[in-house]
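First comes the structure, then the notes that go with it.
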């Protein structure tokens with residue numbers, strides 16, 4: 001059976017379909033029935049930093065916010081003006097602490113949450129000298145500190161479909177990081 005034969009036999013009603021260029025990255029992002037998806041290619045960086053043009057793509061596609069409206073947890077070396085939270089003092093975050101708790105940060109303080117945690121236990125211990133954080137705890141803390149209708153971006157290695165009841169998962173964009181072609185999953189949520 002050919003793929004086209006299968007598609008003809010099981011039609012899925014599509015009420016909305018949009019294609020968005022992922023510039024300045026390479027790739028496309030599309031929205032089908034209010035779910036964001038797509039595939040993007042970005043050039044990797046050393047040292048656990050975001051891939052080149054990742055943050056620029058987020059701003060271009062989802063709208064640039066003033067840096068004061070953005071919280072960056074597991075921030076590492078990010079220095080774009082966002083409020084940074086990291087457990088490593090050498091990264092000079094604005095708040096040295098646990099991104100799974102975000103103590104000393106008021107509820108509903110930010111309009112955007114971004115997170116790029118360690119991807120596995122070995123990397124967490126050897127590279128960041130920390131325990132592997134819980135994605136659910138990170139999301140719960142993020143949901144608490146962002147305002148209603150805010151966007152939350154979790155970059156990890158999995159299609160993370162779980163989320164706290166105060167969030168709704170609205171997207172998954174696969175990112176191929178070149179030259180080694182590793183796959184990252186950009187999970188996107190909104191606060192209800």
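The values are calculated or read from the model by the stated rules, or taken from the named source; none is laboratory data. What you are looking at is a predicted structure, and each value in this text was computed from that prediction instead of being measured. Cβ sites come from the backbone with ideal geometry, for glycine too, and all protein chains shown count toward neighbours.
Anything in region 143-153 that is buried (at least 17 other Cβ atoms within 10 Å of the Cβ) and assigned to a strand (DSSP E or B)? List them, or say none. Scanning region 143-153 gives 146, 150, 151, 152, 153. The set of residues from region 2-49 being modelled with pLDDT under 75, surrounded by 10 or more Cβ atoms within 10 Å (Cβ to Cβ) and farther than 28 Å from residue 190 by Cβ comprises just one member, 7. Of the residues making up region 106-126, those that are in a loop (DSSP other than H, G, I, E, B), surrounded by 14 or more Cβ atoms within 10 Å (Cβ to Cβ) and out of contact with any strand residue (DSSP E or B) (no Cβ under 7 Å at 6 or more places or on another chain) number 2. Looking across region 55-79, the residues that are modelled with pLDDT of 90 or more and assigned to a loop (DSSP other than H, G, I, E, B) come down to 63, 64, 65, 66, 74. Just to be sure, is residue 140 out of contact with any strand residue (DSSP E or B) (no Cβ under 8 Å at 6 or more places or on another chain) and either at pLDDT below 95 or buried (at least 18 other Cβ atoms within 10 Å of the Cβ) (or both)? Here the answer is yes, as residue 140 does meet what is asked.
On the basis of being at pLDDT 95 or above, surrounded by 15 or more Cβ atoms within 10 Å (Cβ to Cβ), touching a strand residue (DSSP E or B) at 6+ places or on another chain (Cβ under 8 Å) and over 18 Å from residue 152 (Cα atoms), does residue 52 make the cut? No; evaluated as a whole, the condition is false for this residue.
The residue that is surrounded by the most Cβ atoms within 10 Å (Cβ to Cβ), counting only those in region 60-81 that are under 14 Å from residue 145 (Cα atoms) and in contact (Cβ under 8 Å) with a residue 24 or more places away in the chain, is 73. If you go through region 177-192 and pick out every residue that is modelled with pLDDT of 95 or more and either more than 11 Å from the chain's Cα centre (by Cα) or not in a strand (DSSP E or B) (or both), you end up with 3.
Matching residues to (1) within 18 Å of residue 137 (Cβ to Cβ); (2) buried (at least 17 other Cβ atoms within 10 Å of the Cβ):
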{"site": "155", "(1), (2)": "yes, yes"}
{"site": "163", "(1), (2)": "yes, yes"}
{"site": "166", "(1), (2)": "yes, no"}
{"site": "174", "(1), (2)": "no, no"}
{"site": "178", "(1), (2)": "no, no"}
{"site": "183", "(1), (2)": "no, no"}
{"site": "192", "(1), (2)": "no, no"}
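A residue that is under 20 Å from residue 71 (Cα atoms), touching a residue at least 60 places away in the same chain (Cβ under 8 Å) and crowded, with 20+ Cβ neighbours inside 10 Å cannot be found anywhere in region 129-136.
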